[in-house]
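The values are calculated or read from the model by the stated rules, or taken from the named source; none is laboratory data. Treat the numbers as computed from the prediction; the structure is a model and nothing was measured. No Cβ is skipped: glycine too gets one built from the backbone with ideal geometry, and neighbour counts run over all protein chains shown. Protein only, heavy atoms only, side chains kept; ligands, DNA and RNA dropped before computing areas. Shrake-Rupley method; radii C 1.70, N 1.55, O 1.52, S 1.80 Å.
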Amino acid sequence: MPDTDTDQLRDPDQLRDPDQLRDPDQLRGVVAGFLRRHDRTGDRTAFLRARFDAGLAWVHHPVGLGGLGLPWHLQAVVDDEFTRAGAPDNRPRRNSIGLGMAAPTLLRHGTPQQQRRWLRPLWTGEEIWCQLFSEPDAGSDLAAVATGAERSGDGWLVDGQKVWTSLAHRARWAILLARTSSTGRRHAGLTYFVCDMTAPGVQVRPLRQMTGEAEFNEVFLTGVRLPDAMRIGEVGEGWQVARTTLMNERVAIGGRPLAREGGMIGVLADAWRRQPEIRRTGPHQDLLRLWVRAEAARLTALRLRQQLVAGQPGPEGSAVKLSFAELNQLISGLEIEVRGAAGLRHDDWTMRRPEEPDLLGRTATYRYLRARGNSIEGGTSEILRNVIAERVLGLPSEPRVDR
Ligand SMILES: Cc1cc2nc3c(=O)[nH]c(=O)nc-3n(C[C@H](O)[C@H](O)[C@H](O)COP(=O)(O)OP(=O)(O)OC[C@H]3O[C@@H](n4cnc5c(N)ncnc54)[C@H](O)[C@@H]3O)c2cc1C
């Protein structure tokens, strides 16, 4: 595996007693000191690298891996200070899979060398990540993954096809679930790798969505060579590693920190206030009901994030992802209804490959069409209801052939 010489922490503030940094005021002082020493108007990447090296990227990570070993919730203190100062951020939507899924998986299951190599350029956005999990016959049921990885010399040869791979066309690296054994229990034959998306044998072809855009792709893997150092976790333990990714994925999709009236409800409420011609009594009641549900979902996501502290997200993440999908579909449907004929006008069917997918952008029709995917991506709503029923509510599980 290629390795880079990750800079060691240089900022004098790191020398403070870590316990003192648990005090938000002390932590604010560290950010203020950092901002005095680093030019926020200069080179964006240099600024972000320095922020990572100062442990102010993910404060809950260990020192040397972008953090200060602090409780997870203190990240909000740091982020607020940087935002207030007008400092550049790492454009999180551009690398949503890297930040939301690959990073927590590497932190929990990667070797120190893997963490040093990948976490810093991931956080700064210099290297984009994608997720090679889904296959034409293995979406919800990842135990059916058929893409194979076979031992070859001191590494692996990978062959197979993946599908619906968001951001594969921009990604430098991928998290990859592959089958290393076809005997025994299906889950036990899976192994988790990082795949170099520039390696010979990786072919990425766009798949167009009904919005007109191609956010995702088919990915063909033909004789792709991976050094063994790109394996995350033990051979045959890919399922355990993948569970970390999936649980984080649900929180990343459904549990984003939002301001009051953030997300789709904000777009509709804003239109309702500004455009008297769309207001009618029936939809008014519907809007109020959805507004209350959106606010409840936002506060639930906030509480879930606070409960996480430095721990792993639990099955409760499925509930926030489920309500995110349901609400987006209901709100975008109501928006089409209240806007009438104007709401049905789609702006442009030109195929785009957006750099930062934006659920809120463009037209009401775009939002309506894009929201259909919310109940599929990151685990379908049916599957999430199963998770909630079995693992949150403790109801008996459905009979399954693989158990
Ligand atoms: C916008 C978008 C982006 C995506 N990005 C990525 C990505 O970057 N990387 C990636 O790997 N994948 C990605 N996906 C794929 C996504 O994770 C899968 O589509 C999803 O897991 C469902 O798999 P499937 O499409 O094969 O449907 P299937 O698994 O075939 O399911 C079909 C239907 O059957 C239902 N079903 C299946 N099993 C059960 C069960 N046991 N109980 C009840 N109902 C069941 C499902 O809920 C669904 O309604 C993306 C999908 C979308 C829409």
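Annotations for the structure displayed:
- For segment 145-171, a residue qualifies if it is within 19 Å of Val204 (Cβ to Cβ) and in contact with a Pro (Cβ under 8 Å, 6 or more places away or on another chain), and the qualifying residues are Gln161, Val163, Ser166, His169.
- Just one of (1) open to solvent by 20 Å² or more (accessible area, probe 1.4 Å); (2) more than 13 Å from the ligand (Cβ to nearest atom); (3) part of a loop (DSSP other than H, G, I, E, B); (4) in contact (Cβ under 8 Å) with a residue 60 or more places away in the chain fails for Pro354. It is (2).
- Top-ranked residue of segment 131-152 - restricted to ones that are open to solvent by 70 Å² or more (accessible area, probe 1.4 Å) and of a type in the set (Asp, Glu), ranked as nearest to the ligand (Cβ to nearest atom): Asp137
- Criterion applied to Val224, Val219, Val204 was being in a strand (DSSP E or B), more than 18 Å from the chain's Cα centre (by Cα) and more than 17 Å from Gly148 (Cα to Cα), and the one residue passing it is Val204.
- Close pairs (8 angstrom Cβ cut-off, 6 or more residues apart or separate chains): at negative phi in segment 127-140, among the polar types (S, T, N, Q) and open to solvent by 10 Å² or more (accessible area, probe 1.4 Å) anywhere: Cys130/Ser166; Gln131/Ser166; Glu135/Gln161; Pro136/Gln161; Gly139/Thr380; Ser140/Thr380
- Flag for Met247 being open to solvent by less than 20 Å² (accessible area, probe 1.4 Å) and touching a residue at least 12 places away in the same chain (Cβ under 8 Å): no
- Selection of segment 117-165 for residues being of a type in the set (Val, Ile, Thr) and not in a strand (DSSP E or B) yields Thr124, Ile128, Val145, Thr147, Val163, Thr165.
- Flag if Val338 is aliphatic (A, V, I, L, M), modelled with pLDDT of 85 or more, surrounded by 15 or more Cβ atoms within 10 Å (Cβ to Cβ) and within 12 Å of the ligand (Cβ to nearest atom): no
- Any hit, segment 316-337, residues being in contact with a helix residue (DSSP H, G or I) (Cβ under 7 Å, 6 or more places away or on another chain) and farther than 24 Å from Leu290 by Cα: no
- Asp23 out of contact with any strand residue (DSSP E or B) (no Cβ under 9 Å at 6 or more places or on another chain), modelled with pLDDT of 85 or more and over 22 Å from Leu107 (Cβ atoms): yes
- Filtered residue count, segment 24-44, keeping only those that are open to solvent by 70 Å² or more (accessible area, probe 1.4 Å) and under 15 Å from Val77 (Cα atoms): 2
- Residue within segment 381-403 that is in a helix (DSSP H, G or I), among the polar types (S, T, N, Q) and either within 16 Å of the ligand (Cβ to nearest atom) or surrounded by fewer than 19 Cβ atoms within 10 Å (Cβ to Cβ) (or both) present: yes
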